[in-house]
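To keep things clear, I will list the structure first and then write my remarks on it.
The values are calculated or read from the model by the stated rules, or taken from the named source; none is laboratory data. Owing to the predicted nature of the structure, the values given are computational and were not obtained by experimental measurement. No Cβ is skipped: glycine too gets one built from the backbone with ideal geometry, and neighbour counts run over all protein chains shown.
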Amino acid sequence: MPRRKPYTKVVKTNQIRAEHVRGMGDVVFKGFQCLNSECLEFIFVRKDEIGDDFEITCPTCEIVMLSGDETQFYAYKLEDQRDHSIIEEGTFTILHDDYIEEAREYKYCIICNTIKSLDLFDRHSARRSGRQSECKLCKAVYNAIKNKTRLTDQHREAAQKRRMYLDLSGSRKIESENIYKRFSYRCFKCGKDLQGVGTKERPLDHTLPAVFLWPLTTENATLLCREHNSEKSDKWPSAYYSDSELRNLAVLTGVQYETLAGQPHYNPEAIKRLSISEQVDQLLTKYAPYRSEIIKLRNRILQYENFDFFQHSTIISPAWVRQANQEYQQVIHQEVDFNTEQDTDEM
């Protein structure tokens, strides 16, 4: 679903912001152990400062790791066990270039002021680091605070907006157990065993997002763990999965590989339904309290498909059309990527 409007604001006081973290929200580091076997130092170096000809000095033992150089760990002889002849002799070495290349990436969380592995931050394509400024743990705590303030009618409103997209997509009852079995009760993204856990911990994902009006069916649903379901959100498959994962997903779901690997587009069947005046009028009437959401949907479809379902209504007010056109003009020159929209509020 598109990002909801914020109902409340968390006003922060006495927030601790360490000096060494200021300005570091988008800085990515490489983290690795010093190659000196007698040294316990774990080194962090800014990724953007590691060039092709790097020279990294350990701050503790002062050993220098140079590009093009290597560290030797032992000498070896490759022995033929049949006649004990020596096939090869050499030294076991690690190339510094390979060692730095495979090092994990880290960044600072601007809330808890700690440096954490990059995979502990949700993706955010608009940021230079490709990740959000706050870690997943801080994000979860923040949202737990924020969601307490949501009123019953606000929860109902969010549910109704989701219902609108599901209605338009044509989603129907699914056979969850069949999907679990097809994915062997494991998260498709990380392989986590989901057998025996509650349904909230093993959500079924719209392989093709509901925001693009694609239905969730027994055939095309994807089993993900809670973390990766939240991470994928409304992203198109090609914006989230690797090519090998897309190929496997095509086999498991029956969705064409070309569709999964292609660009986001709206469900043609849903667009066809929105060309029927009676159905458009029913949509406008049923979801009239959510006028802004309907206008957003109209403008997105117009941008992606060059199709205006407002033109097929026999009852729509000129005021709605004027508002929609004004808002469309404001975004027409901007590249809007709905695959990166988040389900949670920015901190």
For residue 157, the lone unmet condition from (1) of a type outside the set (Lys, Arg); (2) under 30 Å from residue 285 (Cβ atoms); (3) assigned to a helix (DSSP H, G or I); (4) at pLDDT 90 or above is (4)
ask   = Going by the structure shown, is residue 303 without any contact (Cβ under 8 Å) to a residue 40 or more places away in the chain, among the polar types (S, T, N, Q), in a loop (DSSP other than H, G, I, E, B) and surrounded by fewer than 19 Cβ atoms within 10 Å (Cβ to Cβ)?
value = no
Across the stretch 17-69, the tally of residues that are out of contact with any helix residue (DSSP H, G or I) (no Cβ under 6 Å at 6 or more places or on another chain), among the acidic types (Asp, Glu) and closer than 24 Å to residue 93 by Cβ stands at 6
When the stretch 162-185 is checked residue by residue, the ones that are of a type in the set (D, E, K, R) and in a helix (DSSP H, G or I) are 162, 163, 167, 177, 181, 182
Of the residues in the stretch 113-123, those that are assigned to a loop (DSSP other than H, G, I, E, B) and under 17 Å from residue 23 (Cβ atoms) come to 113, 114, 121
Within the stretch 103-122, of all residues that are closer than 21 Å to residue 10 by Cβ and among the aromatic types (Phe, Trp, Tyr), the one surrounded by the most Cβ atoms within 10 Å (Cβ to Cβ) is 108
query = Residue check: is residue 203 out of contact with any Phe, Trp or Tyr (no Cβ under 9 Å at 6 or more places or on another chain) and closer than 27 Å to residue 130 by Cβ?
reply = yes
Quick check: is even one residue across the stretch 223-235 of a type in the set (Gly, Ala, Ser), in a helix (DSSP H, G or I) and within 23 Å of residue 121 (Cβ to Cβ)? yes
The condition of being assigned by TED's automatic domain parsing to the domain that holds residue 160 and not aromatic (Phe, Trp, Tyr) holds, among 245, 305, 278, 293, only for 245
- Please indicate, with yes or no, whether at least one residue in the stretch 123-131 is over 21 Å from residue 30 (Cβ atoms), crowded, with 16+ Cβ neighbours inside 10 Å and touching a Phe, Trp or Tyr at 6+ places or on another chain (Cβ under 8 Å). no
Of those in the stretch 43-61 that are free of Cβ contacts under 8 Å to residues at least 60 places away in the same chain and under 29 Å from the mean Cα position of the chain (by Cα), the residue surrounded by the fewest Cβ atoms within 10 Å (Cβ to Cβ) is 51
- Query: Could we say that residue 71 is exposed (fewer than 15 other Cβ atoms within 10 Å of the Cβ) and out of contact with any Lys or Arg (no Cβ under 8 Å at 6 or more places or on another chain) here?
  - Reply: no
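A quick yes/no check of all residues on (1) modelled with pLDDT of 95 or more; (2) among the basic types (Lys, Arg); (3) in the same structural domain as residue 286 (by TED's automatic domain parsing):
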position: 163; (1), (2), (3): no, yes, no
position: 168; (1), (2), (3): no, no, no
position: 171; (1), (2), (3): no, no, no
position: 174; (1), (2), (3): no, no, no
position: 177; (1), (2), (3): no, no, no
position: 188; (1), (2), (3): yes, no, no
position: 193; (1), (2), (3): no, no, no
position: 197; (1), (2), (3): no, no, no
position: 204; (1), (2), (3): no, no, no
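Conditions tested, residue by residue: (1) in a loop (DSSP other than H, G, I, E, B); (2) under 23 Å from residue 226 (Cβ atoms); (3) touching a residue at least 40 places away in the same chain (Cβ under 8 Å); (4) of a type outside the set (A, V, I, L, M, F, W, C).
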position: 106; (1), (2), (3), (4): no, no, yes, yes
position: 111; (1), (2), (3), (4): yes, yes, yes, no
position: 126; (1), (2), (3), (4): yes, no, yes, no
position: 129; (1), (2), (3), (4): yes, no, yes, yes
Of the candidates 72, 81, the one satisfying the condition of being in a strand (DSSP E or B) and either free of Cβ contacts under 8 Å to residues at least 12 places away in the same chain or touching a strand residue (DSSP E or B) at 6+ places or on another chain (Cβ under 6 Å) (or both) is 72
